[in-house]
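Inspection log for the structure reproduced underneath, given as structure tokens.
The values are calculated or read from the model by the stated rules, or taken from the named source; none is laboratory data. All of these numbers come straight from a predicted model, not from anything done at the bench. For neighbour counting, all protein chains shown are included, and Cβ atoms are generated from backbone atoms with ideal geometry for every residue, glycine included. Each accessible area value is taken on the protein alone, full model and side chains, heavy atoms only, with ligands, DNA and RNA left out. Shrake-Rupley method; radii C 1.70, N 1.55, O 1.52, S 1.80 Å.
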Amino acid sequence: MDVSQYLDIFIDETNEHIQALSDNIMALEQEPENKDTINEIFRAAHSLKGMAGTMGFKRMQHLTHDMENVFSEVRNDAVKVDSNLIDILFKCLDAVEGYLETVKATSDEGTEDNAALIKMLNDVLDGNSGGSSDDAAEEAPAAAEASAPAPSADDAAGSEDPNGTNHFLALKLDDEGLGKLRSAVEDDGLKLYGMTVHIQKECLLKAARAFLVFKALEDYGEILIYDPSSQDIEDEKFDLGFSVIFASESEDIEAIKTSVLAVSEIEQVDLLPVTVEQYEKAAEAESEAAPAPAAEAAEPEAVAAPAPATAPAPAAESASTPAAKKAANKPVTTRTVRVDLEKLDALMNQVSELIIAKNSLVSISSSSENSSGGLDTQSWQSQIEYLERITTNLHESVMKVRMVPIESTVNKFPRMIRDLSRKLGKPMNLVMTGEETELDRTVVDQLGDPLQHLLRNSADHGIESPEERRAAGKPEEGTIFLNAFQEGNNVIIQVGDDGGGINTEKVKAKAIERGMVTPEEADNLSQKEIIDFLFMPSFSMAKTITDISGRGVGLDVVKSNIEALGGNVEVKSTLGSGSTFTVRLPLTLAIIQALMVEIRDEKYAIALGSIQIIEDISIEDIKYVEAKEVVHLRGSVIPIIRLDQLLDFEPLDSEPSNLTVVVVKKGDLQAGLVVDNLIGQQEIVIKSLGKVIDNNKLISGATILGDGEVAMILDVNALM
Amino acid sequence: MAAELETLDEEKIQYIVVMIGSEQYGLDISVVDNIVRMQKITRVPKAPSYYPGVINLRGEVVPVMSARLKMGLEEDEITKDTRIIILRLEAQGLVGILVDEVKEVITLGESEIDRSNQNSNKQDTTYINGIGKSGDSLVSIFEINAIIDEVEV
């Protein structure tokens with residue numbers, strides 16, 4: 001069986017399970033006795049193992065298997081949870097993630113055995129509960145034996161589809177099926193068994209599970225009847241259960257059942273001996289009610305029992321190896337977005353409306369052709385308005401489909417801060433809010449690194465040592481926060497700490513030492529200008545270089561990463577009470593609502609999201625502060641930016657007595673942009689200017705207007 | 001006879017011959033995406049001076065460079081023969097070059113191009129990597145990568 005088609009699902013799911021494990025292990029450290037958490041961990045570990053096995057990733061399976069053993073002992077109270085164990089478990093998780101990365105890159109798990117980790121896990125087991133780990137060890141070979149190379153799997157040709165229910169006893173067989181059963185009993189002297197297998201609801205690889213069940217059964221005999229047909233099962237065209245009738249020499253029902261249950265994610269197996277007569281009778285009297293359901297013998301525990309489900313491994317391994325080889329070194333690059341069905345429905349509706357609108361336009365234009373009176377402008381106009389509404393909605397829907405919560409990126413951070421806290425010997429806590437804030441998928445993907453840098457920076461430089469904190473009258477445990485929220489067309493992510501803040505004197509001294517400024521210049525620098533030094537390449541404030549930060553590849557990388565996403569970073573810092581880094585990112589990347597303005601004969605677009613108000617001011621209202629033009633509007637003093645000067649236009653011969661000022665904002669900052677003319681609001685598609693002239697901070701891109709003309713988009717954030 | 005042997009022996013490259021000022025220049029046809037007539041160029045503020053701006057090429061925004069300004073000649077004079085050669089480059093994407101006139105397509109083998117480019121005190125020598133002989137006239141062969149340099153960020 002070729003499992004490569006499941007690779008995407010595997011990667012997706014494994015990521016989820018790793019995340020779940022990480023979250024829960026964190027929770028476990030806080031509450032070592034919480035049974036719910038332990039069970040949750042156990043389930044995730046078990047699924048992880050099962051999936052790795054199915055995909056034929058033996059090493060990964062081995063590691064997760066040993067982890068599962070440890071969790072099992074924790075659940076049985078045989079092993080106590082302490083920080084040492086948590087550390088080991090986190091290391092294991094990292095190793096599993098390592099496997100996953102290799103799988104992503106090469107479609108294969110690589111050759112790292114992680115023997116040291118496995119030994120550590122086993123030491124935990126041995127140290128605390130020799131007896132039970134022996135049990136597990138004993139069971140392992142037993143299960144492996146059960147799955148020993150399957151006999152040549154002749155494709156049981158029985159592919160007739162008895163239109164029966166899920167239950168094997170209620171199967172209705174046609175003559176051919178009955179004939180097969182009969183010949184198995186009479187000619188070969190085999191016993192007949194009916195079996196219904198129920199797969200867990202959450203299972204995604206149902207066909208794979210069914211395949212493994214069949215493999216397991218083939219050790220005992222031959223499957224005669226499939227319901228649904230074997231083809232349908234292979235194609236995953238079945239609900240949560242399927243039934244088979246198979247012939248076997250074996251009389252050991254329990255052994256068969258155990259080996260089927262050893263396949264992971266099987267919820268329940270109903271297995272009973274059956275006879276040909278039963279089915280003959282059923283075929284004769286089709287109306288006969290289905291017999292009483294078989295004993296629900298399968299204890300739900302059995303699925304999750306410590307008995308290792310190694311059965312899937314060899315079977316799937318042999319089948320997937322050729323496929324894996326074929327795909328080796330070919331990175332799995334597809335990136336997926338899980339989309340809420342409702343969002344897709346909305347999209348579908350809007351597309352239907354679009355078609356209706358198009359048809360109306362067609363009919364208007366054809367009716368105007370017939371009647372010589374020209375276009376009926378009124379209905380034409382209303383149709384265009386209708387079309388406009390649809391395209392706006394359509395755009396919104398498509399953008400929504402692309403939006404994902406930043407959760408997927410930030411949820412690995414609590415773990416990171418925990419590790420850092422231990423490494424640095426500084427107690428600290430990460431508080432996150434707004435994880436549900438949505439951003440474009442491409443932005444979310446690239447947000448991880450810069451945020452990680454900022455958090456590490458806070459942990460390493462921001463938070464002081466416990467002694468210093470005590471001396472400063474602060475709680476010993478430092479707090480790092482990450483707040484995300486939406487503001488207009490931007491998403492703001494604040495990362496900060498309640499630590500010592502940035503010591504601007506030190507930064508200044510460092511900058512002078514580095515020869516970046518002269519001492520005289522340094523004295524005239526504003527607070528902000530000094531802090532900006534931190535964003536210079538290879539400017540590190542760490543006194544000693546640690547492997548966490550201090551190599552000077554921090555903040556400048558953060559800055560360039562964020563700017564590459566069309567955003568910017570700002571810092572606010574108060575000496576003694578902490579610093580806050582504010583990352584501002586555009587909500588969408590491709591299409592925005594914009595105000596079109598005119599300066600002389602050129603058109604420019606300003607993103608509507610950053611516009612606060614548009615004012616007409618008289619030239620007399622302009623005042624001067626530090627030789628810069630400002631205007632006093634509703635209690636705030638707003639600097640005036642003459643766009644014509646900024647954009648290198650020839651000055652006008654005579655200045656008009658009234659100026660049109662577009663007031664824009666960036667966070668708390670405001671500025672008034674002087675334009676010649678307002679054109680109006682428009683939805684614009686952002687196009688890149690191309691690489692050769694894209695060194696231009698003022699212009700964030702270009703757009704093509706309705707008449708084919710190109711207009712520049714002003715980057716308001718760069719103006720201020 | 002000799003010419004025939006030559007065609008067999010060496011690879012020939014096609015060049016588009018354009019007029020810039022009073023001289024003829026050749027552009028390797030393999031990087032030329034297409035040639036469009038002069039159209040409205042939108043100025044990009046703060047762009048390098050030899051980029052007059054961008055054009056709308058079937059819904060894509062394409063930067064246009066003035067070959068004359070880049071080579072230090074006087075500003076373009078827009079006539080009915082002015083064309084924009086659209087180049088498709090691997091690193092830079094689509095880039096247009098303003099030329100005064102497009103003349104013809106010629107095929108030159110390596111032996112017909114003089115690579116010994118000694119008159120290095122002329123300003124535009126860095127942008128050409130050889131001089132081809134087409135009939136009686138000479139064609140300077142553009143070094144595309146030197147003309148369209150990537151902008152250092």
- Item | Cross-chain or 6+ apart pairs with Cβ under 7 Å, segment A:417-435 first and touching a residue at least 24 places away in the same chain (Cβ under 8 Å), then open to solvent by 60 Å² or more (accessible area, probe 1.4 Å) and of a type in the set (A, V, I, L, M, F, W, C) | A:434/A:485
- Query: Somewhere in segment B:39-54, is a residue under 17 Å from residue B:141 (Cβ atoms), modelled with pLDDT of 90 or more and hydroxyl-bearing (Ser, Thr, Tyr)?
  - Reply: no
- When only residues in segment B:29-50 that are more than 8 Å from chain A (Cβ to nearest Cβ) and aliphatic (A, V, I, L, M) count, which is surrounded by the most Cβ atoms within 10 Å (Cβ to Cβ)? B:41
- Task: Could you list all residues from segment B:51-78 that are assigned to a loop (DSSP other than H, G, I, E, B), under 15 Å from the mean Cα position of the chain (by Cα) and within 10 Å of chain A (Cβ to nearest Cβ)?
- Result: B:51
- Message: Can you say whether residue A:592 is open to solvent by less than 60 Å² (accessible area, probe 1.4 Å), over 30 Å from residue A:464 (Cβ atoms), assigned to a strand (DSSP E or B) and at pLDDT below 85, as far as the supplied structure shows?
- Response: yes
- Message: Quick test for you: out of B:15, B:25, pick the one residue that is among the aromatic types (Phe, Trp, Tyr) and either surrounded by fewer than 16 Cβ atoms within 10 Å (Cβ to Cβ) or in contact with a Gly (Cβ under 9 Å, 6 or more places away or on another chain) (or both).
- Response: B:15
- Query: Would you say residue A:448 is open to solvent by less than 30 Å² (accessible area, probe 1.4 Å) and at positive phi?
  - Reply: no
- Item | Filter pass, residue A:20 being within 26 Å of residue A:337 (Cβ to Cβ) and either surrounded by 15 or more Cβ atoms within 10 Å (Cβ to Cβ) or in the same structural domain as residue A:85 (by TED's automatic domain parsing) (or both) | yes
- Query: Can you pull out the residues in segment A:638-657 that are loosely packed, with under 15 Cβ neighbours inside 10 Å, within 14 Å of another protein chain (Cβ to nearest Cβ) and among the acidic types (Asp, Glu)?
  - Reply: A:648, A:650
- State which residue pairs qualify: first residue polar (S, T, N, Q) and at pLDDT below 80 and inside segment A:1-21, second residue part of a helix (DSSP H, G or I) and open to solvent by 60 Å² or more (accessible area, probe 1.4 Å) in any location, beta carbons under 8 Å apart, and separation of 6 or more residues or different chains. A:4/A:326
- Number of positions in segment A:684-720 that are more than 11 Å from every other protein chain (Cβ to nearest Cβ) and open to solvent by 70 Å² or more (accessible area, probe 1.4 Å): 1
- away from every other protein chain (no Cβ under 14 Å) and at positive phi - does that describe any residue in segment B:134-150? yes
